[in-house]
Amino acid sequence: MPRSRYHIFSPDAPYFMTSTVNNWLPVFTRPETVQIVLDSWQYLQEKHNFRLYGYIILENHLHLIAQSPNLSKDMQRFKSYTARKIIDHLHEVKAERLLHLFALFKRHHKRESEYQVWEEGFHPQYIENEAVMRQKLEYIHQNPVKRGYVEAAEHWRYSSAVNYAGKPGLIEVVCQW
């Protein structure tokens, strides 16, 4: 029995997804940890036909709209790789408090590792038409504006809003759908 009511049933369609850092810890306040996320998405784009339509990375969670032939497996790859690299980075910079919290908040059934970076699941929501795509992109891009972090969506560095404004972003995004 699956743990979630969310399922990927159409590999030919994009999905809106959310990944949350365990216990909402602020791990993406460091450019190096954000780069780990971007590098992972770029790898998936190059090796696994992963199409990224939009994203936002905030201090303790991220949203994305993506599509791939095996999106569940790609999200599993993404979370596994980024968790390992984030933990490695935190060890390098001696971020003992964050490491301690990732160990403290690790779920008891997660016996294969000492730490847990990500909450379980990614809650894929099917993008059924252009109206839903526009609504989800608006939600993603307006997130830092609503929080008062920036005046305009394209000013948030870790977002695809700049791509949609016709400027080069930090990672390639499919803006034509």
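For the reader, a short list of remarks on this structure follows.
- Sparsely packed GluC sites (Glu not before Pro) within segment 82-152, loop by DSSP, other Cβ within 10 Å at most 11: GLU112, GLU114, GLU128, GLU151
- Segment 33-91: relative contact order in percent, alpha carbon pairs under 8 Å with at least 6 residues between: 35 percent
- GNM top mover of ASP39, ASP74, ASP88 - the chain, alpha-carbon springs below 10 Å: ASP88
- Rounded to the nearest 20 debye, the dipole magnitude of the chain is 440 debye, with +1 charges on Lys and Arg beta carbons, -1 on Asp and Glu beta carbons, and the Cα centre as origin.
- (i) 22.0; (ii) 16.8; (iii) 17.3, with the label sought being that of the calculated Kirkwood radius over Cα pairs in Å: (ii)
- Heavy-atom accessible surface of the chain: percent carbon and sulfur, 1.4 Å: 48 percent
- FRET efficiency, 1/(1 + (r/R0)^6) with R0 30 Å, evaluated for HIS89 and TYR139 via beta carbons: 0.55
- Lysine pairs in the chain with Cα atoms under 23 Å, if 8 or more residues apart or on separate chains: 18
- Segment 19-35 - phi-based ³J(HN,Hα) in whole Hz, Karplus 6.51/-1.76/1.60, Gly and Pro as x: 10, 10, 5, 3, 6, 6, 5, x, 8, 9, 8, 10, x, 5, 6, 5, 4
- Residue-normalised accessible area of the chain, expressed per residue, 1.4 Å probe, Å²: 56 Å²
- Loop exposure criterion: trypsin sites (Lys or Arg not before Pro), DSSP state outside H, G, I, E and B, at most 15 other Cβ atoms within 10 Å. Applied to the chain, the longest stretch between such sites is 6-93.
The values are calculated or read from the model by the stated rules, or taken from the named source; none is laboratory data. Note that the coordinates shown come from a computational prediction; the quantities given were computed from them, not determined experimentally. As a convention, Cβ positions derive from the backbone with ideal geometry for all residues, glycine included, and neighbour counts pool all protein chains shown. Surface accessibility is based on the protein's heavy atoms, side chains included, excluding ligands, DNA and RNA. Shrake-Rupley method; radii C 1.70, N 1.55, O 1.52, S 1.80 Å.
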